[in-house]
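The values are calculated or read from the model by the stated rules, or taken from the named source; none is laboratory data. Keep in mind the model is a prediction, meaning the values are calculated, not measured. So basically every Cβ, Gly included, is an ideal-geometry build from the backbone, and we count neighbours across all protein chains shown. Accessible surface areas use protein heavy atoms only, side chains included; no ligands, DNA or RNA. Shrake-Rupley method; radii C 1.70, N 1.55, O 1.52, S 1.80 Å.
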Amino acid sequence: AILARVATMCDGVRCDMAMLQCPSVFQQTWAAHLEPQGIKCADLASEENLFWPHAITAARAVNKEFLLIGEVYWGREYDLQEYGFDYTIDKVAFEQLQEIRGDDMRKHLEKDSFSFLQRCAHYLESHEEKRASEIFGDTHDEAGTWRHVAAAVVAYTLPGMRLFNDGQLQGRRKQIPLFLAWRDNSEIRDSKISAMYSRLMTSVLSRPEVRAGEWAQCITGASMDNNPSWMNIISHVMWDKFGNCLLVVVNYNFEYANGHVTLPKGVLVGSRCYPLPNCHDYSGATPSVQPLPEPESDNERKLLMRDQLSTESFEREAAVLRGKHGGVWFDLKPWQAHVFELSYV
C-alpha cells in the first residue's frame with residue numbers, strides 16, 4: 001500500500017537494502033527471533049508470499065511506468081531482477097573500481113551476461129559514499145594520467161543505467177547529508193573534472209551504439225614476455241547494425257601494463273560511421289557494414305582506430321583485431337584509457 005501511494009507522487013524510487021525481503025535472507029535474519037514466538041519464517045518467506053512481486057504489481061497498477069532501482073548485497077541481484085526491479089545497483093563493480101582491483105573487475109564482467117548488465121545501474125558516486133573526486137583523485141605525474149578518467153570510462157561504457165550524483169559532474173568534494181534542504185554553493189567547480197565529463201558525454205556516451213547497441217567483453221592476454229600486467233587491462237566493445245563501433249581499452253592500475261586485445265566474433269564495423277551523435281540525415285547513403293575478418297583470413301583490409309578522448313589515431317589490419325598475431329598489442333601508461341571509434345579505411 002505504501003509503495004503504491006508513493007507511485008502516485010513520483011516516477012520511480014531507489015529501494016535501499018531491497019534484498020532483505022528475499023526469502024532465504026528473511027529467514028536467516030528473523031528465524032531466531034520469530035520462531036520462538038510460534039511464527040514460522042518459512043511460511044512468511046515462501047514463494048507465494050514473496051513481498052516484492054506483490055508490492056511492485058500494486059505500484060504499477062497505479063503508475064505503469066513506475067521505475068524501481070534496488071540496492072542489493074550478497075549476490076542477490078538476479079533475484080531482485082526476477083521479482084520485477086528494473087535495475088539493481090552494481091555495488092560489486094563500484095567496490096572493485098574503488099579498491100583498484102582491475103583483474104577482479106575484468107572477471108566480474110566475464111561472468112555476467114549482456115542481458116544482466118543491461119539491468120544494472122553503474123555509478124562512481126552516491127549519497128552514501130565519499131565523493132568521486134575524492135575516491136578517484138589519484139594522478140600519475142610521470143605519465144600525466146588520471147584515475148578518475150579510467151574509472152569513468154570503465155563504469156559508464158557498461159550497458160545498463162548510468163547514475164550520476166548531484167555535483168559529481170562539477171567535481172564537488174563536500175558530502176551533503178540527505179536531510180539538509182540546501183547545499184553550500186560556495187564550493188568552486190573543478191574545471192578539469194567538468195571538462196573530462198563533458199568530453200565523455202558528448203564524444204562517447206551520446207553515441208547510438210553506446211545508448212542502444214550491442215556490447216561484449218574483449219579477450220585480453222599476455223604479451224610475448226608473459227608479464228602479468230595484462231590482467232589489469234579492461235576492454236570491451238560496443239556496436240550497432242549501422243556499423244557504429246567503439247572499442248574501450250583501459251589500464252586500471254597505477255603501474256604500466258601491456259598485453260593483447262582481441263575482439264569477439266560478430267562485431268559489425270562500417271566503412272564510415274553515421275553522423276553523430278543522433279543525426280538522422282544520412283543523405284540516402286548506406287555505409288558498407290561488415291563483420292571483422294577471422295584471424296586466419298588473408299583479408300588485409302585496414303581499420304582506422306580514432307581515440308574519442310584524445311587526438312590519437314592508428315591504422316591496424318582488421319584481422320588482427322580478431323586475433324591474428326595474438327590480437328592488437330597495447331602498451332599502456334598507468335590509468336590510461338582509450339575509447340576508439342573503429343571504421344574501415
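Every test in (1) open to solvent by 80 Å² or more (accessible area, probe 1.4 Å); (2) more than 23 Å from Cys120 (Cβ to Cβ) is passed by Ile219 save one, and that test is (2).
Checking each residue in region 192-216 for being crowded, with 19+ Cβ neighbours inside 10 Å, of a type in the set (A, V, I, L, M) and in contact (Cβ under 8 Å) with a residue 60 or more places away in the chain picks out Ile193, Leu200, Val204.
Could you check how many residues of region 64-85 are open to solvent by 40 Å² or more (accessible area, probe 1.4 Å) and either at pLDDT 95 or above or touching a Gly at 6+ places or on another chain (Cβ under 6 Å) (or both)?
1
Per the conditions (1) within 22 Å of Asp16 (Cβ to Cβ); (2) open to solvent by 20 Å² or more (accessible area, probe 1.4 Å); (3) among the hydroxyl-bearing types (Ser, Thr, Tyr), the sole criterion not satisfied by Thr88 is (2).
Scanning region 287-317 for residues that are hydrophobic (A, V, I, L, M, F, W, C) and touching a helix residue (DSSP H, G or I) at 6+ places or on another chain (Cβ under 9 Å) turns up Leu292, Leu303, Met305, Leu309. For region 283-296, the set of residues classified as surrounded by 12 or more Cβ atoms within 10 Å (Cβ to Cβ) and modelled with pLDDT under 70 consists of Pro287 only.
Among what's in region 232-245 and is among the aliphatic types (A, V, I, L, M) and under 14 Å from the mean Cα position of the chain (by Cα), pick the residue that is nearest to Val289 (Cα to Cα).
Met238
Quick check, is Val320 buried (at least 19 other Cβ atoms within 10 Å of the Cβ), at pLDDT 90 or above and assigned to a strand (DSSP E or B)?
Criteria not met by Val320.
Table: residues versus (1) part of a loop (DSSP other than H, G, I, E, B); (2) in contact with a helix residue (DSSP H, G or I) (Cβ under 7 Å, 6 or more places away or on another chain); (3) loosely packed, with under 12 Cβ neighbours inside 10 Å.
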| position | (1), (2), (3) |
| --- | --- |
| Arg5 | no, no, yes |
| Leu20 | no, yes, no |
| Val25 | no, yes, no |
| His33 | no, no, yes |
| Ala55 | no, yes, no |
| Phe94 | no, no, no |
| Ile100 | yes, no, no |
| His108 | no, yes, no |
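In summary, Arg189 fulfils each of the numbered conditions (1) more than 19 Å from Tyr252 (Cα to Cα); (2) open to solvent by less than 30 Å² (accessible area, probe 1.4 Å) with the single exception of condition (2). The residue of region 90-104 that is farthest from Asn165 (Cα to Cα), among those that are of a type outside the set (S, T, N, Q) and without any contact (Cβ under 8 Å) to a residue 40 or more places away in the chain, is Asp104.
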